Amino acid sequence: MADLHIVYLLLIILAHVAIIVRVMLRPNREPGALPPGELAFITRMLEQYGAEASATLVFSHLPMWPLAKGREHEIIDDRDLLNVMHRYGVDVFASGHHHAFFAGIDDMGMVHLGNGALGGNARAYTGEKRRQPHSFTLLTLANDTIIITSRAAPGFEGSVPLEDVPPTLSGPLGLLRRIDGPVVLRP
């Protein structure tokens, strides 16, 4: 674990951005809360490094909202984790497991970012039939704002069209509203 702390510290010093990467594991892949040790780790990292950063990003393999068809139950349904991230002013919670691009904002102003798939298994959104194109996500932090775009295959020159992205997503933790432009970083 000591090596991870050094990496976080270097990222903060060099980029003034706290990036916390953690594979958040839950037994049996059932919706629910993180084990207490995982929540304690995230809390410690946010306490230790988040206050000095101009932006804070938390990366997880699993999302907190059901993004993709067939993966609706493979989420972190954890109100305590969400509250901790709100308390420490996390700007972005990013995930990838669902392989569906979605950039949304919760009721407290935190961005939730689901990354699309570059390789196989591009998926349809929950409740949709059509699969999303293969894509990667570009996250730009500049002038106290976050700009999120998803570059779609083939060629990765154009974005995933906003009209193809649901305007809202609902889940056990509430509602996410799609982001259609720049978002101001949280204070």
Out of segment 80-101, which residues are surrounded by 22 or more Cβ atoms within 10 Å (Cβ to Cβ), touching a Lys or Arg at 6+ places or on another chain (Cβ under 7 Å) and in contact (Cβ under 8 Å) with a residue 60 or more places away in the chain?
D91
Checking the condition surrounded by fewer than 17 Cβ atoms within 10 Å (Cβ to Cβ), modelled with pLDDT under 60, in contact with a helix residue (DSSP H, G or I) (Cβ under 9 Å, 6 or more places away or on another chain) and among the hydrophobic types (A, V, I, L, M, F, W, C), which residue from L14, L9 passes?
L9
Only residues that are touching a residue at least 12 places away in the same chain (Cβ under 8 Å), at negative phi and of a type in the set (D, E, K, R): list them for segment 131-161, please.
R151
If I filter segment 118-148 down to residues being closer than 19 Å to P63 by Cβ and among the β-branched types (V, I, T), which single residue comes out as modelled with the lowest pLDDT?
T126
Among the residues of segment 53-111, write down those that are farther than 19 Å from P182 by Cβ, within 11 Å of the chain's Cα centre (by Cα) and of a type in the set (V, I, T).
V58
Can you tell me which condition V165 does not meet? The list is (1) aliphatic (A, V, I, L, M); (2) in contact (Cβ under 8 Å) with a residue 40 or more places away in the chain; (3) closer than 25 Å to G50 by Cβ, and all the others hold.
(3)
The conditions are (1) surrounded by fewer than 14 Cβ atoms within 10 Å (Cβ to Cβ); (2) in contact with a Phe, Trp or Tyr (Cβ under 8 Å, 6 or more places away or on another chain), and E163 fails exactly one of them. Which is it?
(2)
Among the listed residues A68, A55, identify the single one that is touching a strand residue (DSSP E or B) at 6+ places or on another chain (Cβ under 6 Å) and touching a residue at least 24 places away in the same chain (Cβ under 8 Å).
A55
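The values are calculated or read from the model by the stated rules, or taken from the named source; none is laboratory data. None of these values were measured; they are calculated from a predicted model. A quick note on method: Cβ atoms are made from the backbone with ideal geometry, for glycine too, and the neighbour counts reach across all protein chains shown.
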